[in-house]
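To start, the structure itself, in structure tokens.
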Amino acid sequence: MEKDIVRFFARAEGRVQGVGFRFFVQQNAMELGLCGWVCNMDDGSVTMEVQGTAAAIEKLWNKIWQGNGFIRVSGLETAARETVESERNFAIRR
């Protein structure tokens, strides 16, 4: 995998469940050439791991903060993770 590929874990809070947030993240991530996954949590937050170039991931974070008419993110915590070389798709989990 390219050396400029990075991976981040993120946890989003706010109005992020029941509003199409996981699909929103998946669609934008795929448009940006990212791979990873997104998943609803029992506490109302949504977690995800996103892998790709740092510039593309930054664009995704900006889109997440922007949201849309339904999605409103009040918090987004991120942490670096090890890349997963075999991953090629962006999945919605649970």
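The numbers here are math on the coordinates, done by the rules we state, and not lab data. Predicted model, so just to flag it, every value in this text is computed and none were measured.
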query: If you take the alpha carbon radius of gyration of the chain and divide it by 2.2 N^0.38 Å, what ratio comes out, to two decimals?
result: 0.99
Cα Rg, Dmax, region 11-55, angstrom units: 10.6, 31
task: Starting at the first residue of region 15-21, write each ³J(HN,Hα) from the Karplus equation 6.51 cos²θ - 1.76 cosθ + 1.60 with θ = phi - 60°, in whole Hz, x for Gly and Pro.
output: 8, 10, 10, x, 10, x, 5
